[in-house]
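Colleague: Below: one structure in structure tokens.
The values are calculated or read from the model by the stated rules, or taken from the named source; none is laboratory data. It should be emphasised that the depicted structure is a prediction, and the values quoted were computed from it without experimental measurement. In this analysis, Cβ positions are derived from the backbone assuming ideal geometry, glycine residues included, and neighbour counts consider all displayed protein chains.
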């Protein structure tokens, strides 16, 4: 492997397919780290005619651009090595892992959405006023005899008398 050297950022070509992989949160994280400790790992480029083509280090390159840097540390890799890395990323095991991670992410998002929906429904339910009960077959409390006003019966015969007068069963 060659020794890291400084390359002008404007001379590095990023394939269009790779640009779709940019994650702004990762770029911001790397940029913050670069401000604190500098660039720790060089990017990898290959030569193609008179230009440099990015092989590895997309987020590091974007972080340097975001910081206003004009150069970046990198190493030139042989075209065969660049092709080998590309083939590794296209292997069935790697693709299967990507698909698995995508499914897990989808399941997590669905679960979070369901939890949020349940929490919102609970808040709405708690905010609603209690509904009035149907009055069909229910005594009017104003007409019902007040038990609080009467003293409790002292004997069983007092209780039976009280039940008969209120229409209750004994």
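Colleague: Could you grab me the full set of residues in region 14-34 that are more than 26 Å from the chain's Cα centre (by Cα) and at pLDDT 90 or above?
Modeller: Across region 14-34, the qualifying residues are 14, 34.
Colleague: While we're here: Test residue 43 against the stated conditions and say whether it is more than 18 Å from residue 77 (Cβ to Cβ) and surrounded by 13 or more Cβ atoms within 10 Å (Cβ to Cβ).
Modeller: When the stated conditions are applied, residue 43 does not pass them.
Colleague: Please go through region 8-35 and give me each residue that is in contact (Cβ under 8 Å) with a residue 60 or more places away in the chain and either more than 11 Å from residue 52 (Cα to Cα) or not in a helix (DSSP H, G or I) (or both), ordered by number.
Modeller: As a first pass, look at region 8-35 and keep what is in contact (Cβ under 8 Å) with a residue 60 or more places away in the chain: 8-10, 12.
Across region 8-35, the qualifying residues are 8, 12.
Colleague: Based on what the data block shows, is residue 51 under 29 Å from the mean Cα position of the chain (by Cα) and at pLDDT below 90?
Modeller: Answer is no for this residue.
Yes or no, residue by residue, for (1) assigned by TED's automatic domain parsing to the domain that holds residue 56; (2) modelled with pLDDT of 80 or more; (3) more than 30 Å from residue 49 (Cα to Cα); (4) assigned to a helix (DSSP H, G or I):
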{"position": "72", "(1), (2), (3), (4)": "yes, yes, no, no"}
{"position": "80", "(1), (2), (3), (4)": "yes, no, no, yes"}
{"position": "103", "(1), (2), (3), (4)": "no, no, yes, yes"}
{"position": "109", "(1), (2), (3), (4)": "no, yes, yes, yes"}
{"position": "119", "(1), (2), (3), (4)": "no, yes, yes, yes"}
{"position": "136", "(1), (2), (3), (4)": "no, no, yes, no"}
{"position": "153", "(1), (2), (3), (4)": "no, no, yes, no"}
